[in-house]
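> Encoded as structure tokens, here's the structure I'll be asking about.
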Amino acid sequence: MRRGSGQTSRLGSETSLRTALTRAADQPSARATGRAIPLASFGAVRRLMVLLVLLLTVGFLSLLIGRYPISPSAVLGILASALLPTTSAAPDTMTTVVLDVRIPRVVAGAVVGGALAAAGAAYQSLFKNPLASPGLLGVTSGAGFGAALALLLGLPWLAVQASAFTFGLMAVTIAYVVARSLGNGSLVVLILAGVVISAFFQALISITQYLADPLTTLPSITFWLMGGLGKVTTRDVLALVPISIGLFVLLALRWRVNVLSLGDEEAIALGVDLARTRLIVVLSATLMTAAAVSLSGIIGWVGLVVPHLARAVVGPNFPVLLPASFLLGGSFLVAIDTIARSATSAEIPLGILTALIGAPFFIALLARARQGWV
Amino acid sequence: MTLTVDWLEFEYPGRGVVLDSVSLKVCPGETLAILGPNGSGKTTLLRCLLGMNRSYRGTIRLDGRDLRTLPRAEVARSVAYVPQLTSLVFPFTVFDVVLMGRTPHLKPFGTPARRDHELAWEALERVGIAHLAGRALSEVSGGERQLALIARALAQQSRYLLLDEPTANLDFGNQVRVLEIIRTLARDGYGVLMTTHFPDHVFLACTRVALLKDGRIQASGTPDEVVSDEQLSELYAVPIHVASVPMGDERHSMKVCLPVFR
């Protein structure tokens, strides 16, 4: 870490911007208590509200855009007729497109993006590593193999999702058990175990691809691995259950996750039961990721990039970072999915677009905050 | 009301004995310094006292109760730790970090309430860095960072403070500032245990001292008794002279430790 006179200018403008925003937002409370309270709920809540409005706006815009463009007033009319006892003047096809095609897809995009980003934020705090992503312990490779295996066996779509979910959980469980039996609870051993298990399941994926019929099964495996929300239907609400459970547990543990990011020694010295807390956080994040991936296939980068973006907006304090990551991840994926389904006549696989957009975006983020990891 | 260590023995599997029959005691209101060369077992001792190394032989008693039978949060409510360095990856503010000292007082799913915020502020004001509250910890200087970590330990409201080389990596002015704060804390009733590589600091801030060599206590007692030419020369295996320097008049003098070059 460098220190010196150029400090303020070299600092990520994010940090100073955030500090300035915090100070400005806390003026009223400062006067009331006679002290400024940084990161008081005032400024944080306000910024979370802005992110919520962003998500709703992106979601609404996504309902308008597509190969069959619909005007804002028509969408509002259709939404009103669905929720309120009024009738809309919109033609039936338009109603179907909005209610049965676009809304499930927007909701799925928001939930999948939110879950991946929230899980990524939890992993980054837990592993004290800004490069951690939800796939670190092998959940995505495991899920990929689960899906590929089910597709190879010609199972129905629901079974493909269930298999992806199960194998995703299984991969992380194996990584965790291997790490526990080898190391004395060290994070490095856990990460290495995750890398190994990931590679192992990647190899298994390759085997299924090698065995798959190149005309029928192989394309469907490949498309699944590239990710997409094209197959989402209202039936997929089931995936909300594990995602909600994971999110709820992370919210309950939000302060402990903060303390974990101080490092093992300090967390123990502050009275945190390290092994148990870490296990619960890994389980919750894995549950969310496995459910998200079973809905959408493998979508990279969201879980890595969005937490950084969220940190630039609200800071590293996990109780605020978690909801911020969820809201931003949702907006990000809904926006990108809208591009994926409307930019060209054929749908672009979502995982390809998130990587194409995520990679340069991440580099830009790094360039703006070389120290401090935003 | 003491933190008592009796016949402590510890070994890392495959690395031999690190601590051997170590006995010591920290009472409220006093500062015990642990002096010892690199690898003498100072850090291992701290880790035992914090409940991180639990496979030791002997006993550690916290106000009469066996450390190993106490839940972690309860230990943390009695013993606070000030690390030498903190490995924060993300830009938490100084205030965030101090507020984390409130963790052992929170419910398992709780977050800090208004009262916790106030205590964090008081801790910051006590070490004199309240003006840095909104700055990122990674942005402030090394001395300010050390003060922030001390503030976190104060926010923890524990009776005992364990400081791991609190003056290492600090410039001379900051060393003096940190020592001054340690003196005040002991006077206010904290039981302080600090490891250090500076024998001079024992005279400046500590009421008692234990010399640790190869995992054994070589000597312990008041600084005047223990920190002598013979003891220090043996401890560090280089010739050292402890001199008395008059401070203004005859009655006030200060001891300093000087290496003797041949």
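Each value in this text was obtained by applying a stated rule to the coordinates, not by laboratory testing. Computed from a prediction, not measured in an experiment: that's the story for all the values here. Using ideal geometry, Cβ is built from the backbone for each residue, glycine included, and neighbour counts are taken over all protein chains shown.
> May I ask you to list the chymotrypsin sites (Phe, Trp or Tyr not before Pro) in region A:291-361 that are in a DSSP loop and have at most 14 other Cβ atoms within 10 Å of their Cβ?
Counting only loop positions with at most 14 other Cβ atoms within 10 Å, none of the chymotrypsin sites (Phe, Trp or Tyr not before Pro) in region A:291-361 qualifies.
> Another question about this same structure. How many angstrom lie between the C-alpha centres of region A:48-87 and region B:197-262?
76 Å
> Next question. Springs between alpha-carbon pairs under 10 angstrom, Gaussian network model over chain B: which of B:SER220, B:SER158, B:SER21 fluctuates most?
B:SER21
> A follow-up question, please. What are the ³J(HN,Hα) couplings of region A:105-110, residue after residue, when phi is run through the Karplus curve with 6.51, -1.76, 1.60 and θ = phi - 60°? Round to Hz, x for glycine and proline.
Taking θ as phi minus 60°, the curve returns 6, 5, 5, 4, x, 5 Hz for region A:105-110.
> Mean Kyte-Doolittle hydropathy of -0.5 or higher plus an axial Cα length of 15 Å or more: which whole DSSP H helices in chain B meet both?
B:142-155, B:172-187
> Could you name the aspartates and glutamates in cross-link range of B:LYS107, using Cα to Cα under 14 Å and dropping any fewer than eight places away on the same chain?
Straight-line reach from B:LYS107, under 14 Å: A:ASP273, B:GLU74, B:ASP116.
> For B:ILE240, what residues show an amide H to amide H distance below 5 Å, using hydrogens built from the backbone and excluding near sequence neighbours?
Amide H neighbours of B:ILE240: B:SER233, B:VAL260.
> On to the next question. How big is the gap, in Å, between the Cα center of region A:110-144 and the Cα center of region B:166-182?
Rounded to whole Å, the Cα centres lie 41 Å apart.
> Which residue fluctuates most in the GNM of chain A (Cα springs below 10 Å): A:LEU63, A:LEU350, A:LEU238?
Among A:LEU63, A:LEU350, A:LEU238, the largest GNM mean-square fluctuation belongs to A:LEU238.
> Something else: Rounded, prolate or oblate, given the Cα gyration tensor of region B:208-260, with a/c below 1.5 counting as rounded?
Cα axes put region B:208-260 in the oblate bin.
> Identify, among A:THR217, A:VAL302, A:GLY43, the residue whose Cα sits farthest towards the positive end of the charge dipole of region A:39-368, taking +1 on the Cβ of Lys and Arg and -1 on the Cβ of Asp and Glu, with the dipole about the Cα centre.
Of the listed residues, the answer is A:GLY43.
> Where the centroid of each part is defined by its Cα atoms, how far is region A:244-302 from region B:1-35 in Å?
What the calculation gives is 35 Å, centre to centre.
> Output wanted: per-residue J couplings in Hz (rounded whole) for region A:278-290, from phi through Karplus 6.51 cos²θ - 1.76 cosθ + 1.60, θ = phi - 60°, x for Gly and Pro.
Listing the rounded values in order: 4, 4, 5, 5, 4, 4, 5, 4, 5, 4, 5, 5, 4 Hz.
> Quick one: which residues, 5+ away or cross-chain, put their amide H under 5 Å from the amide H of B:LEU163? H built at 1.01 Å from N.
B:VAL82, B:LEU193, B:MET194, B:THR195
> Sorted by mean Cβ packing within 10 Å, highest first, what order do the peptides B:239-245, B:131-137, B:173-179 take? Write out the running numbers ahead of the final one.
Working: B:239-245: 13.6, B:131-137: 20.1, B:173-179: 18.1.
So the peptides B:239-245, B:131-137, B:173-179, ranked by packing, come out B:131-137, B:173-179, B:239-245.
> Bin all alpha-carbon pair distances of region A:39-368 at 10 Å intervals from 0 and give each bin's fraction as a whole percent.
The distribution over region A:39-368 is 6, 25, 33, 23, 9, 3, 0, given as percents.
> Sticking with this one: At a threshold of 8 angstrom on Cα-Cα distance, excluding pairs fewer than six apart, so keeping six or more, what relative contact order does chain A reach in percent?
28 percent
> For B:VAL260 paired with A:ILE363, estimate the spin-label separation in nm (one decimal), with each label point 7 Å from Cα along the Cα-to-Cβ line.
Result for the modelled spin labels: 6.5 nm.
> Which Cα, out of B:GLY128, B:GLN146, B:PRO112, lies furthest along the positive dipole direction of region B:87-157 (beta carbon charges, K/R +1, D/E -1)?
Positive-most Cα among the choices belongs to B:PRO112.
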